[in-house]
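What follows is a set of notes on a single structure, which appears directly below.
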Amino acid sequence: MTRNPKALGAGLLLLALTGGISPVQADLQWITGSVPKNPVDAGNPGVKDAPSAPAPAAGAASSDLLICHMITCTKIVNDYPNDSVNYFYLNKNDQICFYLYFLIKPASRIHTVSIECTNPLGIQIAKYDQEFRVGFTDRLLTVDNETYQWFLSTLTLGMDHLRAEYGQTGLPKDPGLYTFKTSIDGQEVGVTFFYVKPQPIQPPSPIATVAPGGSMTGPAGLMPLSTPISSLPIQNKIP
């Protein structure tokens, strides 16, 4: 059976126009309006989930979720990363912090965030789940004339001891590449990573400025650049 080139071209054009072909999206992911993984208990049902819009075609992007920051750092101060580092050393650092800041369109549902850390062999060493429950008037932020709710999730791994409150089950003692995978409401939304190295490169030792066996002030209490003193007479000619 032969194919009609005109019909094939028309089909590709129709596919592109209907959303079947879309550009790669780095920070925007589609979040469905399905029932959350951990719904409100029967004793406190709260408000039902807001009705969801029709699901877009596969691969289509939505601005319902915006990932703003996803980094690793050495410390979190006042709910903000103290730095941005993805290299950690076994003999220098004692912890690894993960920082996630994101925006979601207002909804009455419970949002669940899951952060998983795996070591260079792909073995999970930490898994931390967190729930966010807000109303339509909480944590509001306007970006490009669109209203969002902001959320912050952090995780800390101990390099010399386990942080059980963050679901840590293993220490990052093996040098290599570690991965953080983040899911929101059951949908994977981002991946970041960090390296663990044995030790940083040590700078060369400074050149000694004190003569062996002498003090900082030199013999007879003189400073190092003072005129030298000798008990021998100065020779008039070089032998």
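The values are calculated or read from the model by the stated rules, or taken from the named source; none is laboratory data. Here the structure is a predicted model, which is why all the values come from computation and not from measurement. Quick reminder, even Gly has a Cβ in these numbers, built from the backbone with ideal geometry, and neighbours come from all protein chains shown.
Which count do you get for residues in segment 94-115 that are under 16 Å from residue 127 (Cα atoms), over 12 Å from the mean Cα position of the chain (by Cα) and surrounded by 21 or more Cβ atoms within 10 Å (Cβ to Cβ)?
Qualifying residue count, segment 94-115: 0.
Being surrounded by fewer than 12 Cβ atoms within 10 Å (Cβ to Cβ) and in contact (Cβ under 8 Å) with a residue 12 or more places away in the chain is the filter here; which residues of segment 152-164 pass it?
Going through segment 152-164, the residues surrounded by fewer than 12 Cβ atoms within 10 Å (Cβ to Cβ) turn out to be 160-161, 164.
Within segment 152-164, 160 is the sole residue that qualifies.
Is it fair to say residue 162 is at pLDDT 95 or above and more than 27 Å from residue 64 (Cβ to Cβ)? Full working, then the answer.
Working: at pLDDT 95 or above: yes; more than 27 Å from residue 64 (Cβ to Cβ): yes.
Yes, satisfied.
Residue 101 fails exactly one of the following numbered conditions: (1) closer than 21 Å to residue 137 by Cβ; (2) touching a residue at least 60 places away in the same chain (Cβ under 8 Å). What is the number of that condition?
(2)
Search segment 165-189 for residues being modelled with pLDDT under 95 and on the phi > 0 side of the Ramachandran plot, and hand back the single one that is surrounded by the most Cβ atoms within 10 Å (Cβ to Cβ).
185
Kindly evaluate residue 131 against the criterion of being over 16 Å from the mean Cα position of the chain (by Cα) and either under 23 Å from residue 183 (Cβ atoms) or not in a strand (DSSP E or B) (or both).
Numbers: over 16 Å from the mean Cα position of the chain (by Cα): yes; either under 23 Å from residue 183 (Cβ atoms) or not in a strand (DSSP E or B) (or both): yes.
The answer is yes for residue 131.
Can residue 149 be described as polar (S, T, N, Q), surrounded by 10 or more Cβ atoms within 10 Å (Cβ to Cβ), farther than 30 Å from residue 105 by Cα and modelled with pLDDT of 70 or more? Don't jump to the end; show me each part of the working.
Details: polar (S, T, N, Q): yes; surrounded by 10 or more Cβ atoms within 10 Å (Cβ to Cβ): yes; farther than 30 Å from residue 105 by Cα: no; modelled with pLDDT of 70 or more: yes.
Considered against the rule, which asks whether it is polar (S, T, N, Q), surrounded by 10 or more Cβ atoms within 10 Å (Cβ to Cβ), farther than 30 Å from residue 105 by Cα and modelled with pLDDT of 70 or more, residue 149 comes out as no.
State whether the residues of segment 133-149 include one that is within 14 Å of residue 96 (Cα to Cα) and touching a strand residue (DSSP E or B) at 6+ places or on another chain (Cβ under 9 Å).
Applying the first criterion (within 14 Å of residue 96 (Cα to Cα)) to segment 133-149 yields none.
Within segment 133-149, none of the residues are within 14 Å of residue 96 (Cα to Cα) and touching a strand residue (DSSP E or B) at 6+ places or on another chain (Cβ under 9 Å).
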